[in-house]
Amino acid sequence: PSLVGSEMCIRDRTKQQQIDSLHIELQQHRADLLEKTNRPLIKGLIRLHQDLAAKAESLKKKATDVLDINPFIAPYAEFQEDIEILLDQYDIQPFVESEDIFNAKRQQGVKNVKTQEPLLVGKIAQRLKPGFIQGEKIIQKERVSVYVPDHDQKKPEAVVLNKSTSIDTIEQRISLESENGK
């Protein structure tokens, strides 16, 4: 009789472990499903937020001294703030990297700026749009322009007459060209 009782106890514990395991799996599935269904909405809100910022910036650049654009721009800023509040309800925050060096894991280089200064290569030229993060998960990378090497710079050319002879100076080139009738 005691053996049967201990078997029942073991079976009950095993059943409870299976139930707990299935419950955890179900909760994870629900969370993944909610994330997948909410993702397009969240991405759309982020795009709208960034489009509003771009439009406000565009209006500022086009403004003339005669036109006061503040009454036009204020609603954009308020609407952007409302979107940030809505995103915050999903624990989504805008972010900008603190370092000036390009980080491909958290930033997207959308524009290259050529430079002949080697110390600038790989650094951020301009921050275009903030990124968005939910907890530790990046929803959208920060968009930036990055300095890249300018390989188009003019290099001094050596004129080669044949495979064994090269011209070192302009005077030698002029004298050789006049000898060859050019």
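Keeping all protein chains in the complex and leaving out DNA, RNA and ligands, what accessible area do you get for residue 69 with a 1.4 Å probe, in Å² to the nearest 10?
Looks like 20 Å² after rounding.
Give the carbon-plus-sulfur fraction of the accessible surface of the range 80-156 in %, rounded to a whole number; probe 1.4 Å, heavy atoms of protein chains only.
About 48 percent, which is the carbon plus sulfur part of the accessible surface.
Please go through the range 31-126 and write out the trypsin sites (Lys or Arg not before Pro) that DSSP classes as loop and that have at most 13 other C-beta atoms within 10 Å.
Answer by residue number: 105.
Could you please tell me the mean projected area of the C-alpha convex hull for the range 29-141, averaged over all directions and given in square nanometres to one decimal?
9.4 nm²
So who's got an amide H within less than 5 Å of the one on residue 143, skipping anything under 5 residues away but keeping other chains? H placed 1.01 Å off N, in plane.
108, 128, 129, 131
Quick one: compute the contact order of the range 51-139, relative version, from alpha carbon pairs under 8 angstrom and 6+ residues apart, as a percent.
Relative contact order of the range 51-139: 28 percent.
In the structure shown, do any of 114/137; 61/123; 60/114; 15/137; 43/105; 61/141 have a Cα-Cα gap over 30 Å, and if so which?
Table pairs above 30 Å Cα-Cα are 114/137; 15/137.
The values are calculated or read from the model by the stated rules, or taken from the named source; none is laboratory data. Here the structure is a predicted model, which means the values were calculated and not measured. Cβ sites come from the backbone with ideal geometry, for glycine too, and all protein chains shown count toward neighbours. Each accessible area value is taken on the protein alone, full model and side chains, heavy atoms only, with ligands, DNA and RNA left out. Shrake-Rupley method; radii C 1.70, N 1.55, O 1.52, S 1.80 Å.
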